[in-house]
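Presented below is the structure to which this report refers.
The values are calculated or read from the model by the stated rules, or taken from the named source; none is laboratory data. All figures in this text were calculated on a predicted structure; none of them were measured in a lab. Backbone-built Cβ (ideal geometry, glycine too); neighbour counts: all protein chains shown. For the accessible areas, the whole protein counts, side chains as well, though only heavy atoms, and no ligand, DNA or RNA atoms are used. Shrake-Rupley method; radii C 1.70, N 1.55, O 1.52, S 1.80 Å.
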Amino acid sequence: MRGTELSTQRLRLRTWREGDLEPFAALNADPVVMAHFVDPLTRELSDEFVLDRIRPHFDEHGYGLWAVEVVGGDPFIGFVGLTWQTFPAHFTPALEVGWRLQRSAWGHGFATEAARAAIDFAFDTAGVDEVVSMTSPENLESIAVMQRLRMTRDPADDFDHPRVPDHHRLRRHVLYRIIPAGRTW
Ligand SMILES: CC(C)(COP(=O)(O)OP(=O)(O)OC[C@H]1O[C@@H](n2cnc3c(N)ncnc32)[C@H](O)[C@@H]1OP(=O)(O)O)[C@@H](O)C(=O)NCCC(=O)NCCS
């Protein structure tokens, strides 16, 4: 997979390797990690997510959802990165910053640290003028990352995610936004 790689004080945001598929499938099968998704992913769906969605995004844009490695530590803790969202909604197309880490990597500030590097890349290298992030209102851990990044929410931006089934408890989403001047780091 070709693509830019980023580094922070403690982390390496890198392109994916074959060896990432197994630990990625393990975190995608963890019901706690996947509590705010419609379903945990099977090994097959987890592999497809990397091969059919993450890899083509890197091929097309040169960046995407990076595999995250702790420097001098765990070679794979999950992903943090950027995805162009084009599903029908009032704010799309939009570049989304997102994260999904294995449980052992929670509580260290890794998602926020990696997301700052991804947002810097979006503004300074990819040249976009806004980055968004979205989740279900009950995903307090993810909303806390958005708030640590000083992303801001306007309730008027809340929306029903068209890829979540009608009437599903996770269909309602909140939207957070950040512009280059909103960076505080
Ligand atoms: C969302 C998710 C990545 C958040 O993980 P997280 O560990 O809470 O967030 P961060 O990596 O930013 O870490 C922040 C925590 O690390 C703590 N921390 C410890 N050492 C730290 C350090 N050196 N620097 C910064 N923070 C540190 C912070 O105090 C904070 O803990 P707190 O919430 O108890 O105050 C994680 O819950 C997850 O993967 N969830 C499942 C997937 C998911 O829902 N993704 C989003 C879908 S929209």
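General observations
- Most mobile of 22, 141, 113 in a GNM of the chain (Cα contacts under 10 Å): 141
- Within the chain, the whole DSSP H helices whose Cα atoms reach 15 Å or more along their own axis and whose mean Kyte-Doolittle score is at least 0.0 are 110-124.
- For the range 125-183, convex hull of alpha carbons as volume per residue, Å³: 97
- Computed on the range 61-113, with alpha-carbon pairs under 8 angstrom and 6+ residues apart, the relative contact order is 27 percent.
- Restriction of the chymotrypsin sites (Phe, Trp or Tyr not before Pro) in the range 93-125 to DSSP coil positions whose beta-carbon has at most 16 other beta-carbons within 10 angstrom yields 106.
- In the range 149-185, trypsin sites (Lys or Arg not before Pro) in a DSSP loop with at most 16 other beta-carbon atoms within 10 Å: 150, 163, 169, 171, 183
- Protein accessible area in the range 6-182, 1.4 Å probe - carbon and sulfur %: 51
- For the chain, the convex hull spanned by the alpha carbon atoms encloses 116 Å³ per residue.
- Averaging Cα coordinates gives a centre for the range 1-59 and one for the range 105-128; these two points are 16 Å apart.
- Dipole of the chain [Lys/Arg +1, Asp/Glu -1 at C-beta], most positive-end residue of 29, 40, 111: 111
- Taking the chain and dividing mean pair separation by its residue count, relative contact order in percent (alpha carbons under 8 Å, at least six apart): 18
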